[in-house]
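The values are calculated or read from the model by the stated rules, or taken from the named source; none is laboratory data. Note that this is a predicted model, so its numbers are computed, not measured. Because the Cβ atoms are built from the backbone with ideal geometry, glycine has one as well, and the counts that use them run over all protein chains shown. What goes into the accessible areas is simple: the full protein's heavy atoms, side chains included, and nothing from ligands, DNA or RNA. Shrake-Rupley method; radii C 1.70, N 1.55, O 1.52, S 1.80 Å.
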Amino acid sequence: MLIASLVASLVALAFCCLGLLGFCLWLLRRQRLLAEQQQQRDASRDKRIKELSSRLDAYLEGSLRMGDELRELSRTVAPLPDKLTQLEQRDPNNFALSQAAKLVGMGASIDDLTQSCGLSQSEAELMSKLHKARQKP
């Protein structure tokens, strides 16, 4: 009877060990599966980061080019008010330009300039833009 209970205990212990071994194997497979899934997510994240980084670089490069072009345009436009003043002073008999400059200063529209001063549409637009540029600084 003692031997029978000892054998029964050993059999029960063996089943417990087999159960633990099976559970350990299941945990090992589960851990490997989770590790593979994590690697896939990491690879996807790294790919997305690279894509976003390249897009950001493109935006930055575009912004830098735009800034350079704006500086160049600013350098080109900056002397225009002085040139307009010189033109007005050079030809004092040209009353239309002086009158247009005064009207623009009082808030006249482009249509008002073309009708009252005899300027073309583009000349009136130029006068209006130059006046706005003088007021900004």
Those residues of segment 59-85 which are modelled with pLDDT under 80 and either hydroxyl-bearing (Ser, Thr, Tyr) or in the same structural domain as HIS131 (by the TED database) (or both), in sequence order: THR85
Residue match in segment 59-79 (condition: open to solvent by less than 80 Å² (accessible area, probe 1.4 Å) and in contact with a helix residue (DSSP H, G or I) (Cβ under 8 Å, 6 or more places away or on another chain)): yes
Among the candidates SER44, SER109, SER116, residue that is hydroxyl-bearing (Ser, Thr, Tyr), surrounded by 10 or more Cβ atoms within 10 Å (Cβ to Cβ) and more than 22 Å from LYS132 (Cα to Cα): SER44
